[in-house]
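*Asks:* The following block contains the structure, expressed as structure tokens.
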Amino acid sequence: MTETSDWNAKIIAEFRANEGRVGGGFDGAPITLVHHRGRKSGREYVSPMMYLAADDAETIFVFASKAGAPSNPDWYHNLTTAGDGSVEVGSDVYSVTVTELTGDERDRVYEEQARRYPGFAGYADKTAGIRTIPVLALRRT
């Protein structure tokens, strides 16, 4: 098991044991487990990530920051290729459709996340001139 998958497995176990809450650096942060299928392998993956809830209560936003790495995470490519997936939020599990935000809407949502969680501003600084961090809307189906 790689270091990243081991870290993810610990977060996933903690999330499920505590009805969606985790501690450490994520204590108090909104966390979701996003289920997606590998676009090449067909294998199912689960990726823990922070989210921002939309005003409509049917949508959450996730951010393909990859901690400011120069490339997008694999889960981003898997979700945008498939156009759907599922999420665990708290003890609720449901299917979602995937839409990538663009332009002013993307900027507004990302800026709100960076305002609430300044680490996201740092990720944007790291990727400046390399890539714009994608924002995905995951809408309950």
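Readers should treat all values here as calculations from the given coordinates under stated rules, not as data from a laboratory. This one's a predicted model, so the numbers in the text were calculated from it and none came from an experiment. With ideal geometry, Cβ positions are generated from the backbone for all residues, glycine too; neighbour counts draw on all protein chains shown.
*Asks:* Given the DSSP H assignment, sum -39500 (n - 2.57) over each helix run of at least 4 residues in the chain and divide by its residue total; what's the result at 222 nm in deg cm²/dmol, nearest 500? Don't skip to the end; give the middle numbers.
*Replies:* Values: 4 runs with 47 residues, N = 141.
Taking each H run of at least 4 residues, the total per residue is -10500 deg cm²/dmol.
*Asks:* Just to compare against my own numbers: the Cα pair-distance distribution for region 60-141, 10 Å bins, whole % per bin, please.
*Replies:* Binned Cα distances yield the sequence 18, 48, 30, 3.
*Asks:* For K40, go through the aspartates and glutamates and keep the ones whose alpha-carbon is under 16 Å away, minus same-chain ones fewer than eight residues off.
*Replies:* Correct list for K40: D74, D84.
*Asks:* Along the positive direction of the dipole of the chain (beta-carbon charges: Lys, Arg +1; Asp, Glu -1; about the Cα centre), which of A13, T81, L52 reaches farthest?
*Replies:* The residue sitting most towards the positive pole is T81.
*Asks:* Considering Cα pairs under 8 angstrom that are at least six residues apart, work out the relative contact order of the chain and quote it in whole percent. Walk me through the numbers on the way to the answer.
*Replies:* On the way: 230 pairs, mean separation 34.9, N = 141.
Rounded, it is 25 percent for the chain.
*Asks:* Using +1 on the beta carbon of Lys and Arg, -1 on that of Asp and Glu, and nothing else charged, what's the dipole of region 53-114 about the Cα centre, debye to 20? Please report the intermediate quantities before stating the final value.
*Replies:* Details: 3 positive and 13 negative charges, 66 e Å.
Roughly 320 debye, rounded to the nearest 20.
*Asks:* What dipole magnitude, in Debye to the nearest 20, does the chain give about its Cα centre under +1 on Lys/Arg Cβ and -1 on Asp/Glu Cβ?
*Replies:* In debye, rounded to 20, the chain gives about 420.
*Asks:* Translational diffusion coefficient of the chain at 4 °C, 1.567 mPa s, Stokes-Einstein with Kirkwood Rh over Cα pairs, in µm²/s as a whole number. All intermediate terms of the calculation are to be shown ahead of the outcome.
*Replies:* On the way: Rh = 15.4 Å.
The estimated diffusion coefficient comes to 84 µm²/s.
*Asks:* Using label points projected 7 Å from each Cα along Cα→Cβ, tell me how many nm separate T102 and R140, to one decimal.
*Replies:* Those two pseudo-labels are separated by 2.9 nm.
*Asks:* I'd like to know how region 36-95 sits against the 2.2 N^0.38 Å rule of thumb: what's its Cα Rg over that expected value?
*Replies:* Against the empirical 2.2 N^0.38 Å value, I get 1.17 for region 36-95.
*Asks:* Distance in nm between label sites at N18 and D125, each 7 Å beyond Cα in the beta-carbon direction?
*Replies:* 2.8
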